[in-house]
1. How about segment B:93-132: which of its residues are assigned to a strand (DSSP E or B) and more than 13 Å from chain A (Cβ to nearest Cβ)?
2. Among the small types (Gly, Ala, Ser) and without any contact (Cβ under 8 Å) to a residue 24 or more places away in the chain: does that describe A:Ser412?
3. Condition first: open to solvent by less than 30 Å² (accessible area, probe 1.4 Å), touching an Asp or Glu at 6+ places or on another chain (Cβ under 9 Å) and polar (S, T, N, Q). Now tell me which residues in segment B:121-177 satisfy that.
4. Go through the residues of segment A:395-416 one by one and say whether even a single one is β-branched (Val, Ile, Thr) and in contact with a helix residue (DSSP H, G or I) (Cβ under 7 Å, 6 or more places away or on another chain).
5. Looking at this structure, is B:Asp93 without any contact (Cβ under 8 Å) to a residue 40 or more places away in the chain and more than 27 Å from A:Ile249 (Cα to Cα)?
6. Looking at segment B:63-90, which of its residues are open to solvent by 50 Å² or more (accessible area, probe 1.4 Å) and either in a loop (DSSP other than H, G, I, E, B) or free of Cβ contacts under 8 Å to residues at least 60 places away in the same chain (or both)?
7. Considering segment A:39-71 alone, what residues qualify as being open to solvent by 20 Å² or more (accessible area, probe 1.4 Å), part of a helix (DSSP H, G or I), at pLDDT 85 or above and in contact with a Phe, Trp or Tyr (Cβ under 9 Å, 6 or more places away or on another chain)?
8. From the list A:Ala43, A:Ala64, A:Ala47, exactly one residue is within 11 Å of another protein chain (Cβ to nearest Cβ) and without any contact (Cβ under 8 Å) to a residue 60 or more places away in the chain. Which is it?
Amino acid sequence: MKIFKTHHLIWVLFLIVAGLSLAFSVVVENPPLTNSERVSSLASDFACPVCDGQSLAESDVPVAKTIRAAISKMVDEGSSDEDIRKFLVSKFGEDIDYNPDGDGLTGLVWVIPVAAGIAALFGTVLILFSWMGKEKKIEKSERKFFFTPNSSKWIWISLVCVVAIGSGFLVAKTAGSRNSGDAISGEIRLSPRTLLIQASVAPREEAIEIYDQVLELQPSNAEALAYRGWMLWLGGDSSKSISDIESSITVDPTYPDARAFRAIINFREGKILEASEDLLLLDSVNSSPVIKDLLASSRFRESVSSELARNGDLLLALELIDSGTKNDPQNSSLFAHRGWLLAISGDQQLAELSLISLDVSLEINPEDPYAIAYKALIEAIIFEKMNSSEKYVEQFKSLPNPPSELVELLRSEGLL
Amino acid sequence: MSPSKTASAVVAVITIFLVVIFATSESGVERLRTHLVGEVAPPIAGETSDGGYWSLDEVRGRWLLVNFFSTTCIPCIEEHPELLSFSENQPTDTGVRVVSVAFDDDPLSVEAFFEKNGGDWPVLTRDTGRISVDWGVIAVPESYLVSPAGFVSAKIVGGIKRNEIENLVLRAKRKSE
């Protein structure tokens, strides 16, 4: 005798899925125990009021830090989670509460998914009853096999089950307790941090628009100000560019990228002393690898120091190079340039000292093209040691892809 | 009416109901502009930059401009000369008093800022986080005009101009008379 019919099994399946879901939700929602955990949990339950898509726990903007500190103090003073929740909502509005209570308009947040769920369930039951009625009629009349042409109903039942389970999963994910990172599609809206990452890989015009968006959210965001200024400068808008970069430095005098950008702009505009001041200040803060690479690959420090030496300020030029080697003692190019500056000073004693710097450069990198070329030039022109010079010229010739400026220099002195 | 028509009608009614509710509810931006206005001013008390103590109770009976600021915020730096001009032009006995509350700032930087740029009104620099949260400050500069009775009469979001504050004070005084 067949006790269970197939539709009974489907209901059993529904009950199992619902029971497991409830059990899982109970297990994962264990309350935090320590004050620190409570602070962290509460901070995760509230949105940062000025940074879209980030909770108080995730954001580092001043207002988020301030509110976190206030939460911590209230927890230490013995306030309950509910007291803190009510306090924050009264100060910053319901918009920041990721778990609004069921009062008033916010109650709809809870009511609508439940009502939709009940309506869906009701509809499903109605359809099932309707099919069952039809099935009985068919059984009475002509159906003899279980899988008759009417078996398409099983496809529909399966489809309903899949949709129901999928809908339940989506509702569970999108409603109720939810942090920005828990959303199905990631953050609800883009945070300034996400926008800054987007801008860093966007084309120039698009990047400027993204930095505009960041600055609408956080008018004093040093990074956005500096990089918008840099992008504007690359696009030829010098005055607005300077204004942005100056603002960035005012907001955060230790932000290295803004200093680097201002140094480059000042140098290009002939303000060599100002450029060197920014470079020296840059050495006193921790620059990002991107900025270090930008300055090293363009030999910016060497260019600024050369200009300073040309203007008669050899001491400042050497100070700039020494400041660079202090931060990056393995930079052979800087030691080579130090040697070159000493050599072209016109002072015989300094010229002799230049060889020490060039030797240090070659110790660090025996194939440093600048050290090799400068050695060849100094040995030939200052010390008139042609044999020694030729040795370095030959070594230079064997280098793959030597810098064209060095090739030109050696040619102009008749060494190539 | 058929079941499908009934269902459609129910959905339509619910949709219209929700649209009306959401359309007429106060927006976040509106709340930002009017937060605290008409309410009793939250307490302010603490150590000032000159080592003294200042409390809101000290100025009961006087109009007060509460200015939340930071020395690293550009609009705050830009508004300072306006605030200075406003303060200097207030009558000693009856004029509007000014108090500044540093927002997430280093007390030494604040002291240096006032020493360089002027301003002899009380400046609260230490442990001001709770004051900022009590006032619901989101992004500086934010300023609040407090009436002699201790109620918030107006809120200004962003940098302020001297003539704007003077007009605001004038309107608030007329309204309270």
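The values are calculated or read from the model by the stated rules, or taken from the named source; none is laboratory data. Keep in mind that what you see is a predicted model, and the values were worked out from it rather than measured. Virtual Cβ from ideal backbone geometry, glycine too; neighbours counted across all protein chains shown. These area figures cover heavy atoms from the full protein model, side chains too; ligands, DNA and RNA do not enter into them. Shrake-Rupley method; radii C 1.70, N 1.55, O 1.52, S 1.80 Å.
1. If the condition is that a residue be assigned to a strand (DSSP E or B) and more than 13 Å from chain A (Cβ to nearest Cβ), then B:Arg97, B:Val98, B:Val99, B:Ser100, B:Val123, B:Leu124 are the ones that fit.
2. yes
3. Within segment B:121-177, B:Thr125, B:Thr128, B:Ser132, B:Ser143 qualify.
4. no
5. Yes.
6. B:Thr72, B:Ile77, B:Pro81, B:Glu88, B:Asn89
7. The one that is open to solvent by 20 Å² or more (accessible area, probe 1.4 Å), part of a helix (DSSP H, G or I), at pLDDT 85 or above and in contact with a Phe, Trp or Tyr (Cβ under 9 Å, 6 or more places away or on another chain): A:Ser44.
8. Of the residues listed, the single one that is within 11 Å of another protein chain (Cβ to nearest Cβ) and without any contact (Cβ under 8 Å) to a residue 60 or more places away in the chain is A:Ala64.
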